Amino acid sequence: MDPMNIYADPRTENVRADFTIDQNWEAFTDEEHGTWDILYKRQMQCLPGRACDEFLVGCKALDLGGGGIPDFAKLNVELKKLTGWTVVAVPCLVPDNVFFEHLANRRFPAGNFIRKRDQLDYIQEPDVFHDVFGHVPMLTDRVFADYMEAYGKGGLRAGGFDRLKALASLYWYTVEFGLINTPKGMRIYGAGIVSSHQESIYSLEARSPNRIHFDLERVMRTDYRIDDFQQTYFVNASFKELFRATVDTDFAPLYERLNPCFDFTPTAALETDRIYTRGTQEYGRAGGRKMDIKPV
Ligand code: PHE
Ligand code: FE
């Protein structure tokens, strides 16, 4: 394949202007459906008690374990009924503005391929397992569904401010790697975590990462790593809290204040951070003891 010519890639034939393609569900092989089943089963053994209730309820409601890669036409009937969202197939990562436009219209773009059997633990480009198993269950939750739409609209608006990196950081630390501190304990909701077997355990149980209470500006000033487990997770008390801090806040003055580069590294712990210590319900200031649970 000529890397300079995306149209030489069979995956990008018949791409529409909004980057969507037909899912062409019939074209997935038995082996590919089997890959989904292996990944689904493994996550379902590890996520009860780790993923938040909203995620687990969403998985059930959408019947994601019905066998094989979900057929979007069927999945969308249920999803649309619940919150008005749909899933659309795309061949690859799409440009920022195309992505924002889809989210703003309650469409979630999902990569139309699945990882190979020797990539069960990690792939760089998001596949249908990450995109559908990771992201779509949370879209059945009313508050989170509204947050995602608002994020898309916010992205379209942010174009004028030249601070898209800061907005990307918010996405990273919430939608992809967010934790939530529920009355039952610390839980996962980020798609990058729930779709990774190892990080599902590491994010909650490892000693090394910082778990810091969500602060909008702190998050948007923080760089992130895309090629390793996170060294920092941000924790919300509830999805309503996340919603209020983002959707109900005008980002324009914030964009004006932010520097063009990130101020904090992915490993930073600041004096002002509220870091979770001792179990999962309390936080203290930096320098306090980290969560006292067994390391992995
Ligand atoms: N409230 C943000 C703005 O004023 C939009 C937004 C909402 C961004 C939710 C991200 C998440 O631009
Ligand atoms: Fe993702």
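The values are calculated or read from the model by the stated rules, or taken from the named source; none is laboratory data. What you see is a predicted model, and the numbers here were worked out from it, not measured in a lab. When we count neighbours, we look across all protein chains shown, and the Cβ atoms used for this are built from the backbone with ideal geometry, even at glycine. Side chains are part of the model used for accessible areas, which takes the heavy atoms of the whole protein and leaves out ligands, DNA and RNA. Shrake-Rupley method; radii C 1.70, N 1.55, O 1.52, S 1.80 Å.
Couple of notes before you dig in:
- In range of the label at R244: residues from the stretch 138-168 whose backbone nitrogen is under 17 Å from the point 7 Å along Cα→Cβ: 143-144, 147
- Whole-percent carbon and sulfur share, accessible surface of the chain, 1.4 Å: 52 percent
- Solvent exposure of the chain, expressed per residue, is 47 Å² of accessible area, with all protein chains present and a 1.4 angstrom probe.
- Adding -39500 (n - 2.57) for every DSSP H run of four residues or longer, then dividing by how many residues the chain holds, sets the calculated 222 nm ellipticity at -10000 deg cm²/dmol.
- Compared with the direct C-alpha span, the chain from I201 to A252 gains 14.7 nm at full extension, assuming 0.36 nm per residue.
- Tail weight of P(r) past 25 Å, computed on alpha-carbon pairs of the stretch 1-157, percent: 30 percent
- Scattering profile of the chain at q = 0.09 Å⁻¹ [log10 I(q)/I(0), Debye over alpha-carbon scatterers]: -0.43
- The value obtained for the stretch 163-296, namely the Cα convex hull volume divided by the number of residues, is 103 Å³ per residue.
- Applying 0.36 nm per residue to the separation of Y122 and I38 and subtracting their alpha-carbon distance, the gain on full extension is 28.8 nm.
- Of the residues F229, N112, V15, the one whose Cα sits farthest towards the positive end of the charge dipole of the chain is F229 (charges of +1 on Lys and Arg Cβ, -1 on Asp and Glu Cβ, taken about the Cα centre).
- Choice from P95, P48, P109 showing the highest fluctuation, given a GNM over the chain with Cα pairs closer than 10 Å: P95
- For the chain, the longest principal axis of the Cα atoms and the long axis of helix 142-158 meet at an angle of about 90 degrees.
- Remark: the chain carries a charge dipole of roughly 1160 debye about the Cα centre, counting +1 on each Lys and Arg Cβ and -1 on each Asp and Glu Cβ.
- Farthest toward the positive end of the dipole of the stretch 9-157, out of L47, P126, V98, is the Cα of L47, where the dipole comes from beta carbon charges about the Cα centre.
- Two-site label geometry, T272 and E78: point separation in nm, points 7 Å out along Cα→Cβ: 4.4 nm
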